[in-house]
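The values are calculated or read from the model by the stated rules, or taken from the named source; none is laboratory data. These numbers come from a predicted model, not from an experiment. We place every Cβ from the backbone using ideal geometry, glycine too, and count neighbours over all the protein chains shown. Accessible surface is based on the protein model in full, side chains and every heavy atom, while ligands, DNA and RNA are left aside. Shrake-Rupley method; radii C 1.70, N 1.55, O 1.52, S 1.80 Å.
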Amino acid sequence: MELLKVEGLSKSYPAFTLKNVSFSLKEGRIMGFIGKNGAGKSTTLKSMLGMVHPDSGAISMFGRDFREEEGYCKQNMGIVLGGIDFYMKKKLKVITGVTKKFYPGWDEGNYEKYMRIFELDENKRVEELSAGMRVKYLLALALSHHARLLVLDEPTSGLDPVSRDELLTIFEKLVKDGKRSILFSTHITSDLEKCADDITYIKDGEIVKCSGKKEFLDSFQSLREPDEKELSLEEIMVKMERKNYDEEFAL
Ligand SMILES: Nc1ncnc2c1ncn2[C@@H]1O[C@H](COP(=O)(O)OP(=O)(O)OP(=O)(O)O)[C@@H](O)[C@H]1O
């Protein structure tokens, strides 16, 4: 079953247009969302979640129309867009207390379990947590209301390689039972080599490709020079983005 389906999503800003973005994510999968700075990743995620008003497009989650059943969809998803910078002085248990009121399906046992697994102390204040601990706390909140779809905007940025690796292992464990899926945007393509099942690549507001990782990598190998070995995700992106740049300079 598709946990997420985005069809024909468009959004125009004065100097940028998100054009007819479509992709879908099945159960039990981790999808990496890549594209260079300003390509439209955050605009896609925000438009998809109704945080900015899209001009057109249809979104369904768990087989239901997002606009018609936004409440149901939001109860079943966890969103981590940016940090929790404005609650810096608050203790985690205070934020948790407020959060759980929004979720009738809140599972205190699950919350305690994930706080224990992630080694988080709810008596700490946000300002006392490292970047990695903050992401883990937001994940713990999402998982405590049984989110089946996790949408994360650059969750690993700012984390050291050890914390990143730990978080990616957590992602893999979370989707292992085949019930949850994770969509996360990132610039760290090596993270995706490690844990992504699917890759969606956006360029200048348009989806270039959305597919399983192997198919994705295979489909761009034609960019390889005769003496080059198999191109990595990073090399593919650099070649794709640099092509235009080189052409512009040739003019
Ligand atoms: N509220 C807004 N008003 C006008 N333009 C906007 C707005 N939000 C984003 N944009 C523009 O939309 C484009 C895409 O931005 P977006 O944040 O979606 O890119 P991104 O792929 O997430 O980039 P990054 O990797 O740097 O986070 C940029 O040119 C940006 O200036």
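Just a few scattered comments:
- Each residue of region 141-215 gets 109 Å³ once the volume of the Cα convex hull is shared out per residue.
- Inter-site label distance for Arg242 and Asp227 at 7 Å from Cα along Cβ, in nm: 1.4 nm
- In the chain, the DSSP-assigned H stretches of four residues or longer account for a calculated mean residue ellipticity at 222 nm of -11500 deg cm²/dmol, using -39500 (n - 2.57) per stretch and the full residue count as denominator.
- Distant-in-sequence amide contacts of Leu152, defined by a placed amide H-H separation under 5 Å and a gap of 5 or more residues or a different chain, comprise Val80, Leu183, Phe184, Ser185.
- Size check on region 10-167: the Cα extents along the three principal axes, sorted descending, read 45, 34, 30 Å.
- Measuring nothing but how far apart in sequence close Cα pairs (under 8 Å, 6+ apart) lie, relative to its length, the chain scores a relative contact order of 26 percent.
- Cα centroid of region 34-52 to Cα centroid of region 169-203, whole Å: 17 Å
- Label-to-label distance, Arg67 versus Lys209, with points set 7 angstrom from Cα along the beta-carbon direction: 3.2 nm.
- Residue-wise HN-Hα coupling along region 34-44, computed from phi with Karplus coefficients 6.51, -1.76, 1.60 (Hz; x: Gly, Pro): 10, x, 6, 3, x, 6, x, 5, 5, 4, 4
- Solvent-accessible surface of the chain, taken per residue with a 1.4 Å probe and all protein chains present: 51 Å².
- Inverse mean reciprocal Cα-Cα distance (Kirkwood Rh) of region 177-237, Å: 12.7 Å
- Positive minus negative residues near Leu159 (Lys, Arg vs Asp, Glu; Cβ under 11 Å): -2
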